[in-house]
1. From the list 49, 43, which residue is surrounded by 10 or more Cβ atoms within 10 Å (Cβ to Cβ), part of a loop (DSSP other than H, G, I, E, B), at pLDDT 80 or above and in contact with a Lys or Arg (Cβ under 6 Å, 6 or more places away or on another chain)?
2. In region 1-19, what residues are modelled with pLDDT under 90, surrounded by 10 or more Cβ atoms within 10 Å (Cβ to Cβ) and aromatic (Phe, Trp, Tyr)?
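The values are calculated or read from the model by the stated rules, or taken from the named source; none is laboratory data. Owing to the predicted nature of the structure, the values given are computational and were not obtained by experimental measurement. When we count neighbours, we look across all protein chains shown, and the Cβ atoms used for this are built from the backbone with ideal geometry, even at glycine.
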Amino acid sequence: MEMPGMFWMPAISPSSLIFYTGDRFPYWNGHLFVGALNGQQLQRIAFNQPPPQVERRESLLTQPATNNQPPPAHLDKIAFGRPGQIS
């Protein structure tokens, strides 16, 4: 049996996966976005990073109890747009 290429500890309970291929955020082109039920967050994962870490993970749109400010409109579309579509 092969070990997984990527995992989270504790588990994030992924709910959706999409690779960004748009032109609005060229730096994010080819990055993976993962919707997580545990922690109610959206994670951006960049691959092919310099050693020692092969991928870089960044949590976006987390919902801490003290955050009363809505996310920027363009990020809101990424997280809550139509399934399979990023604007």
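1. On the way: 43 fails: part of a loop (DSSP other than H, G, I, E, B).
Going through 49, 43 in turn, the sole match is 49.
2. The answer is 8, and nothing else.
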